[in-house]
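Here's the structure, in structure tokens; my notes come after.
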Amino acid sequence: MTLHTILLAVGPDDNDRAEELAEAVVEIAKPADAEVVIGHVFTESEFRRAAERLDFDDDLADPNEVAKRHQTVRTMTELLDEAGVDYTIRGEVGEHAEEIVELATKVEADRVVVGGRKRSPTGKAVFGSTAQAVMLDAPCPVTFVRGEDKE
């Protein structure tokens, strides 16, 4: 399977595992000379808070521009720049799993890389799992990068 496009899906909880996610993407993208799409998905409330924190006018804020200035994305771009991996940045607003799957379809991703943490079955049932929903619904293979367990 040839890899042309890899979607690196990042969200509000991924800053703590940014290095692990970037390393996993570099391991896949570099040998394949694939382009990486860094997709940051915000819920409506996350987007408003991020836009406000970054001094964007709420009514004029562009999700792509907010994503480009978000700390998690900036960390990812620094690491991908160091590795010499080409990337673009996309910001989306909506429900995390749904938007990641939709973005994977839009960019014709050959692979999605998503982070998460280990959860008990009860935790998944009560809180849901974005990574699990992406793995089940993505139009292509998904690589899961497990982060440290949060207490």
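Values in this text are rule-based calculations from the coordinates and carry no lab data. Everything quoted here is computed from the prediction, not taken from an experiment. Reconstructed Cβ throughout: ideal geometry from the backbone, glycine too, with neighbour counts over all protein chains shown.
With each pseudo-label sitting 7 Å past Cα toward Cβ, what's the residue 71-residue 54 distance in nm, one decimal?
Simple spin-label model gives 1.4 nm for this pair.
Can you list residues from other chains, or at least 5 along the same chain, whose modelled amide H is less than 5 Å from the amide H of residue 37?
When sequence neighbours closer than 5 places are left aside, the close amide H contacts are 6, 7, 8, 88.
I need two numbers for the chain: Rg to one decimal and Dmax as a whole number, Cα atoms only, in Å.
Gyration radius and largest Cα-Cα distance of the chain: 14.8, 43 Å.
Consider a paramagnetic label point 7 Å from the Cα of residue 64 along Cα→Cβ; state which residues of the range 23-42 have an amide N under 14 Å from it.
Taking a point 7 Å out along Cα→Cβ of residue 64, the residues of the range 23-42 whose backbone N falls under 14 Å are 37-40.
So if R0 is 22 Å, what FRET efficiency would residue 108 and residue 30 give, r being the distance between their Cβ atoms, rounded to the nearest 0.05? Provide the component values of the computation, followed by the final result.
Numbers: r = 20 Å, r/R0 = 0.91.
Working from the Cβ atoms, E equals 0.65.
Let me know the charge dipole size of the chain about its Cα centre in debye, to the nearest 20, where only the beta-carbon of Lys, Arg (+1) and Asp, Glu (-1) is charged. Write down the numbers at each step before the final one.
Details: 17 positive and 33 negative charges, 114 e Å.
With only Lys, Arg, Asp and Glu charged at Cβ, the dipole is about 540 debye.
Enumerate the whole-percent occupancy of each 10 Å bin, from 0 to the last occupied one, for all C-alpha pair distances of the range 1-85.
17, 47, 26, 9, 0
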